[in-house]
Amino acid sequence: MCGINGIFAYRDTAAPVSRAELKRSREQMAARGPDGDTEWFSQDGRVGFGHRRLSIIDLSPTGAQPMQSADGALTIVFNGEIYNYWALREGLLAKGYSFRGTSDTEVLLTLYADKGEAMLGDLRGMFTIAIWDEPRRRLFLARDPYGIKPLYYADDGGALRFASQVKALLAGGAISREPEPAGQVGFYLWGSVPEPWTTFRAIRALPAGAFTFVDAQGMQAPRRHHSLAAELRQAEAAAVALPAEEASEQIRAALLDSVRHHLVADVPVGAFLSAGIDSGALVGLMRDAGQSDIQTITLAFAEFEGRADNEAPLAAKVAELYGARHTTRVVTEQEFQADLPLILEAMDQPTVDGINTWFVSKAAHEAGLKVAISGLGGDELFGGYPSFRDIPSWVAKLAAPSRIPFAGAALRHAVSLGAPLIGAHPKAAGMLELGGRVPGAYLLRRGVFMPWELREVLDRDTVREGLQRLRPLEAVEAELAGGPKSAFGQVATLEAALYMRNQLLRDSDWASMAHSLEVRVPLVDPELLRRVAPHVLTRAGARGKTDLALAPTQPLPDAVVRRAKTGFSTPIATWLERNHPTARPGRYPTPWARRWAREVAGLAA
């Protein structure tokens, strides 16, 4: 795990790589890799790679990056972990390849030499990869199927720059800071910036599950090597109803296999532990996978003492059940206020989430951990969100009336005018207009501000251009192309490809790496999806997370399974209202996400 960056001056008219720029960009990511800082430049000065290292696998110098092949033909920088690298290594050894060390980075370099971009189908892990292919004079860039690890780039027509963070690209000093209306509008619509957009015109994200080449002609259009929608469609087609006990056993085996792979490391692997099913089951499966010493971390807040959303007491009981060394870390309002400037500095793109991950990652770092397991992804995989119920229900009820010409827009206008007077949420105004189709219903369910409200937070021209470029409903529709036909499968696709990818995974990355901590997500794994999805889709999520709760040899206690879902919550809304007047509600009752969106934009500015 680390921070990577690079520059490729692909046209003769572009200046050679600036070593000072590359270093400035790399050092912006110092927290991502405190264990090493190195760089590499091609002999002709047209290519440069930078790397900040967080040593997790092969802690020796043989695991350092940038790494070159023995013949000097290939050079790689890589951010992430390849969990099946040892099996891949054995296969390459059988073909006659040799290795100098035991890192997954060297396996990637050798596998590319053997198979080129076709290697991506062999990888199980989280990754962004950059390989300079000297004989072909081209740069290869790739990103993992779910987009767990970020990769951003800027192409000025003569040189391409890439990095693990938007702010790292800006720190180099050669990229325009002109704002991107689509990114600004996207943030207020969704609470996070939807990829491939960022808040800067010059910078884009390489899409999740995609790769590209850059040569003397410039950057090729990114190509998909994995599609979540297609994966779920195949699972839907292959679904076969099995007896509940047999299906549950297959799900358990797949979960245990994923956890076992995610424990591969040369340093201790701990776990975030809440009072929920996802993280608790993973701790139990860590024990089943053979980890005898498990360190767990839970957040607690004095304000939650004696309340249902106080996760600490039940989390401590789960830790005791599985014999974990447990730490309960209390976060105070004073600490939050002191950390707020640091949080905003580390926040690579604006988001309405990530605060909880910041503090639990901080606690894990204080406990001496470099790696922690997170339960992120369980709701998307097993249908744990209200959206799995609400969206199909709205679409079924509103499909016919929503097709009446102009009725939805007229009702929305009328309800919008009356909403402040009756205390109604402004989303209610868009139910008839948007709720009759899956993309619109999803925007209603997950959106923060609605399109017709954007002029309250952005100027008219930004809203107009941003909506034209973003096309939010078409973007949601595009994620479903070639995907599952069932309502459950469609919601699963959108939650994984939009909410989880653009917000949860991205927030986990910046908030954890700010504390030099690698977060691993065993429930966000393509192989697990292939094995579990046919069973979940067959039953349309009817069992919820029951199979996950029962997966450990010693199942989770009923107190966890039956506990009402509260989310991994914090009292930050109260703290902000007390200390930052701009966070106070406006002309109607304002949910937390809407207030925090305004606050993030204001404080960051």
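How large, in Å, is the chain by the Kirkwood hydrodynamic radius built from its alpha-carbon pairs?
For the chain, the Kirkwood estimate is 25.0 Å.
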Kindly work out what percent of the DSSP beta bridges joining two residues of the chain are antiparallel, to the nearest 5.
75
Between VAL267 and ARG562, 0.36 nm times their residue separation minus their Cα-Cα distance comes to what?
102.7 nm
Just how much of THR553 is accessible, in Å², when a 1.4 Å probe is used and the result is rounded to the nearest 10?
100
Local net charge near PRO484, Cβ-Cβ under 10 Å (Lys/Arg +1, Asp/Glu -1):
0
Just from its helices, what would the mean residue ellipticity at 222 nm be for the chain, if runs of 4 or more DSSP H residues each count -39500 (n - 2.57) and the sum is divided by every residue, rounded to the nearest 500 deg cm²/dmol?
-12000 deg cm²/dmol
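Cα gyration tensor of the stretch 63-134, axes a ≥ b ≥ c as square roots of the eigenvalues: rounded (a/c below 1.5), prolate (a/b > b/c) or oblate?
Working: a/c = 1.29, a/b = 1.05, b/c = 1.22.
Rounded is the answer for the stretch 63-134, as its axis ratio a/c remains below 1.5.
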Starting from the amide H of GLY125, placed 1.01 Å from N in the peptide plane, find each other amide H under 5 Å away whose residue is 5 or more places distant or on another chain.
TYR83
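Below 11 angstrom from the Cβ of GLU106, what's the summed charge of the other residues (Lys, Arg +1; Asp, Glu -1)?
Local net charge: 0.
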Overall form of the stretch 271-361 per C-alpha gyration tensor (a/c, 1.5; a/b vs b/c)
prolate
With all protein chains modelled, accessible area of ARG11 [1.4 Å, Å²]:
90
Report the local net charge at ASP37: Lys and Arg +1, Asp and Glu -1, summed over other residues whose C-beta lies under 14 Å from its C-beta.
+4
Whole-Hz couplings from phi, Karplus 6.51/-1.76/1.60, listed for the stretch 506-522; x for Gly and Pro:
5, 5, 4, 5, 5, 6, 7, 5, 4, 10, 6, 10, 8, 9, 10, 10, x
Once neighbouring chains are kept in place and the probe is 1.4 Å, which whole percent of the accessible area of the stretch 100-142 is contributed by carbon and sulfur?
44
Accessible-area order for MET347, MET431, largest to smallest, probe 1.4 angstrom, reads MET431, MET347
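How about the stretch 278-316: which GluC sites (Glu not before Pro) there are in a DSSP loop, with at most 13 other Cβ atoms within 10 Å of their Cβ?
Working: sites: GLU303, GLU305, GLU311; in loops: GLU305, GLU311.
In loop regions of the stretch 278-316 (DSSP not H, G, I, E or B), the sparsely surrounded GluC sites (Glu not before Pro) are GLU305.
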Can you work out the Karplus-derived ³J(HN,Hα) for every residue in the stretch 48-63? Use 6.51 cos²θ - 1.76 cosθ + 1.60 with θ = phi - 60°, whole Hz, and x for glycine or proline.
x, 10, x, 8, 10, 9, 10, 6, 10, 10, 6, 6, 7, x, 5, x
In nm, spacing of pseudo-spin labels at THR553 and ASP122 (7 Å Cα→C-beta vector):
3.4
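Leaving out ligands, DNA and RNA, and with a 1.4 Å probe, what % of the accessible surface on the stretch 464-510 is carbon or sulfur? Before the final figure, lay out each step's value.
Details: 890 of 1690 Å².
Heavy-atom surface of the stretch 464-510 belonging to carbon and sulfur, 1.4 Å probe: 53 percent.
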With every protein chain left in place, what is the accessible area per residue of the chain in square angstrom, probe 1.4 Å?
38
What trypsin sites (Lys or Arg not before Pro) does the stretch 137-237 have in DSSP loop regions with at most 13 other beta carbons within 10 Å?
ARG177
Which whole-number percent gives the relative contact order of the chain, counting Cα pairs below 8 Å spaced six or more residues apart?
18
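Return the subset of LYS95/LYS370; LYS149/LYS362; LYS149/LYS485; LYS115/LYS149 for which the Cα-Cα distance in this structure is over 27 Å, preserving the input order. Could the numbers behind the result be given before it?
Working: LYS95/LYS370 34 Å; LYS149/LYS362 19 Å; LYS149/LYS485 29 Å; LYS115/LYS149 23 Å.
Where the Cα-Cα span goes over 27 Å, the pairs concerned are LYS95/LYS370; LYS149/LYS485.
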Over what distance in Å are the Cα centres of the stretch 422-480 and the stretch 23-85 separated?
41
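Considering only protein heavy atoms and a 1.4 Å probe, what is the carbon-and-sulfur percentage of the accessible area of the stretch 234-352? Numbers along the way, then the final one.
On the way: 2700 of 4910 Å².
Answer for the stretch 234-352: carbon and sulfur cover 55 percent of the accessible area.
Checking the a/c ratio against 1.5 first, then a/b against b/c, what shape does the Cα gyration tensor give for the stretch 95-242? Present the calculation step by step, with values, prior to reporting the outcome.
Values: a/c = 2.14, a/b = 1.15, b/c = 1.86.
Oblate.
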As a test question: what accessible area, to the nearest 10 Å², does LYS95 have when a 1.4 Å probe is rolled over all protein chains in place?
130
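The values are calculated or read from the model by the stated rules, or taken from the named source; none is laboratory data. Just so it is clear, the structure is predicted and the values come from calculations on it, not from any experiment. Here Cβ is always computed from backbone atoms with ideal geometry, including for glycine, and neighbour counts include all displayed protein chains. Note: areas computed on protein heavy atoms with side chains; ligands, DNA, RNA excluded. Shrake-Rupley method; radii C 1.70, N 1.55, O 1.52, S 1.80 Å.
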